[in-house]
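Following: one structure in structure tokens, then a few remarks.
Please treat every number below as a calculation from the coordinates, not as lab data. Because the structure is a prediction, the values reported are computed rather than measured. Quick reminder, even Gly has a Cβ in these numbers, built from the backbone with ideal geometry, and neighbours come from all protein chains shown.
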Amino acid sequence: AQSVSQHNHHVILSEAASLELGCNYSYGGTVNLFWYVQYPGQHLQLLLKYFSGDPLVKGIKGFEAEFIKSKFSFNLRKPSVQWSDTAEYFCAASSNSGNTPLVFGKGTRLSVIA
Amino acid sequence: GAVVSQHPSRVICKSGTSVKIECRSLDFQATTMFWYRQFPKQSLMLMATSNEGSKATYEQGVEKDKFLINHASLTLSTLTVTSAHPEDSSFYICSASSQGNQPQHFGDGTRLSIL
């Protein structure tokens, strides 16, 4: 069955610390990968996406993610977090076969403290 | 700006009431929309796939007679929670994409509270 796993339930970092959130997927065939962010009280917003090509994907707000096919991973990174990055982060995947629904990981809550 | 509009954002009603949630794609046509449900502190779970002009496809365990989905046009899908009960209280979110392989845009979600 298709699945997405996020290893960390809650991450607490100080401002300026580096961030890496783990995401592994289990999918047959070609896969599209996404990271979404949900700020408190707001809707899901797309941070970045990987469809094909360069496995290192750069998104908004200084985030990036690397697709490592051999590890079935798509970890999210940011070199220096800010207090405003406090949010819930969801990794998601879909099959590369047209307009298909997303399978989400359980999410990682990031708390950035001053 | 937002490309998927979801309404209402918050509903509080009595048990036994039916509640309709609308999902509109604002600047593109969506032949397919998706309805998700998010329980507190959990991830989004797909409920159903809404197909314009045809019946929705429901995920296993989702009661199609309880969660009625209508996709009457290329820009509008509705989810009606019929005879809602407290256990139906949740956060419901719709999404749509303009064409295959494009990232989905999410509505703001509807927080449904059944008393």
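Assorted remarks:
- Per the Kirkwood formula applied to alpha carbons, chain A shows a radius of gyration over Rh ratio, Rg over Rh, of 0.96.
- For chain B, Kirkwood radius (reciprocal of mean inverse C-alpha pair distance, Å): 14.0 Å
- Between the range B:51-97 and the range A:25-73, the alpha-carbon centres lie 27 Å apart.
- Rounded to 5, percent antiparallel among DSSP beta bridges of chain A: 85 percent
- Two-site label geometry, B:Lys14 and A:His7: point separation in nm, points 7 Å out along Cα→Cβ: 5.2 nm
- Here the scattering of the protein assembly as shown is modelled by Debye summation over its C-alpha atoms, one equal scatterer each and no solvent; at q = 0.11 Å⁻¹ the log10 of I(q)/I(0) is -0.56.
- Here the Karplus relation 6.51 cos²θ - 1.76 cosθ + 1.60, evaluated at θ = phi - 60°, turns the backbone of the range A:65-74 into coupling constants of 9, 10, 8, 10, 4, 5, 9, 6, 10, 8 Hz, with x for every Gly and Pro.
- In this structure, the residue pairs whose Cα-Cα separation is over 30 Å, taken from A:Lys61/A:Lys106; A:Lys58/B:Lys66; A:Lys49/B:Lys14; A:Lys49/B:Lys66; A:Lys61/B:Lys14; A:Lys71/B:Lys55, are A:Lys58/B:Lys66; A:Lys49/B:Lys14; A:Lys49/B:Lys66; A:Lys61/B:Lys14; A:Lys71/B:Lys55.
- Each residue of the range B:7-22 is assigned a 3J(HN,Hα), and the resulting list reads 8, x, 8, 8, 9, 10, 8, 7, 4, x, 7, 9, 10, 10, 10, 9 Hz, derived from the Karplus form 6.51 cos²θ - 1.76 cosθ + 1.60 (θ = phi - 60°), x at Gly and Pro.
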